[in-house]
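One structure is given below, encoded as structure tokens.
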Amino acid sequence: ITKLVEMPTGRKIKLLKIPDSVKVIGANSFRCCSYLQHVVFPKGLKSIGSSAFWGCESLKEVNLPDGVEYISEEAFQDCKSIRSVKLSKRLKQIGDNAFRGCDNLDSLTIPPSVYHIGNVSLPLHLKELHVGYKDPQKARLYYNPFNEEETILYVPKGTKEKYQKHEIWSGFLNIEEEP
């Protein structure tokens, strides 16, 4: 099994360990699995399909292995209980609305490997946004509305001034350098 297609409906599973052979989680695979709280993702996972976990309102955290390169549109949309997300160090793309409606997510770190983040992919009310880009122009998060007065933007050491002067990031009132 290399592609997970669909979770059987009617199951009240709270913890799921996806088999190590799975490389792709297909579209709508776990859509609206309202009891699902924890998922153990396989180390060899490469991508998460459209709306794969959309509406999994009890899901508490997302810890993606470092091989994940693509998170498709709406993959975790409206997962209202997610408190923490660990993205893959090799992540390249986050699709439109991927984490929209994850209103309890306080902090998110975007690795510098990400070259595309879709429209309104991130929650609107993040307390902390950590970006790993040394060049603010490469940090393409400008399609995401943030509460720039309240969200603390953490940037790589030595880049605070660049971010403060950049048109996309200058609206953030709180820009701090990572230690």
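The values are calculated or read from the model by the stated rules, or taken from the named source; none is laboratory data. None of these values were measured; they are calculated from a predicted model. Neighbour counts are summed over all protein chains in view; Cβ atoms, including those assigned to glycine, are modelled from backbone coordinates with ideal geometry. Quick note on the areas: whole protein, heavy atoms, side chains included, nothing else; ligands and nucleic acids left out. Shrake-Rupley method; radii C 1.70, N 1.55, O 1.52, S 1.80 Å.
For the reader, a short list of remarks on this structure follows.
Let's see how each residue does on (1) of a type in the set (A, V, I, L, M, F, W, C); (2) within 26 Å of residue 176 (Cα to Cα); (3) out of contact with any strand residue (DSSP E or B) (no Cβ under 7 Å at 6 or more places or on another chain):
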{"residue": "13", "(1), (2), (3)": "yes, no, yes"}
{"residue": "39", "(1), (2), (3)": "yes, no, no"}
{"residue": "47", "(1), (2), (3)": "no, no, no"}
{"residue": "58", "(1), (2), (3)": "no, no, yes"}
{"residue": "61", "(1), (2), (3)": "no, yes, no"}
{"residue": "65", "(1), (2), (3)": "no, no, yes"}
{"residue": "83", "(1), (2), (3)": "no, yes, no"}
{"residue": "105", "(1), (2), (3)": "yes, yes, no"}
{"residue": "116", "(1), (2), (3)": "no, yes, no"}
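- Search result, residues across the stretch 85-99 that are over 9 Å from the mean Cα position of the chain (by Cα) and either among the acidic types (Asp, Glu) or open to solvent by 10 Å² or more (accessible area, probe 1.4 Å) (or both): 89, 90, 92, 93, 96, 97
- Scanning the stretch 8-22 turns up no residue that is farther than 21 Å from residue 86 by Cβ and either within 19 Å of the chain's Cα centre (by Cα) or open to solvent by less than 20 Å² (accessible area, probe 1.4 Å) (or both).
- Where a residue in the stretch 159-176 is farther than 18 Å from residue 147 by Cβ and in contact (Cβ under 8 Å) with a residue 40 or more places away in the chain and its partner, wherever it lies, is surrounded by 14 or more Cβ atoms within 10 Å (Cβ to Cβ) and of a type outside the set (D, E, K, R), with Cβ under 7 Å and at least six apart: none
- The condition (being open to solvent by 10 Å² or more (accessible area, probe 1.4 Å) and in contact (Cβ under 8 Å) with a residue 40 or more places away in the chain) is satisfied by just one residue among 58, 47: 58.
- Subset of the stretch 136-154 (residues that are hydrophobic (A, V, I, L, M, F, W, C) and either open to solvent by less than 30 Å² (accessible area, probe 1.4 Å) or in a loop (DSSP other than H, G, I, E, B) (or both)): 139, 141, 146, 153
- Counted residues, the stretch 116-135 - those being of a type outside the set (Asp, Glu) and open to solvent by 10 Å² or more (accessible area, probe 1.4 Å): 10
- So residue 162, is it under 25 Å from residue 92 (Cβ atoms) and not in a loop (DSSP other than H, G, I, E, B): yes
- Residue 110 vs. criteria open to solvent by less than 10 Å² (accessible area, probe 1.4 Å), under 12 Å from the mean Cα position of the chain (by Cα), under 22 Å from residue 155 (Cβ atoms) and modelled with pLDDT under 90: yes
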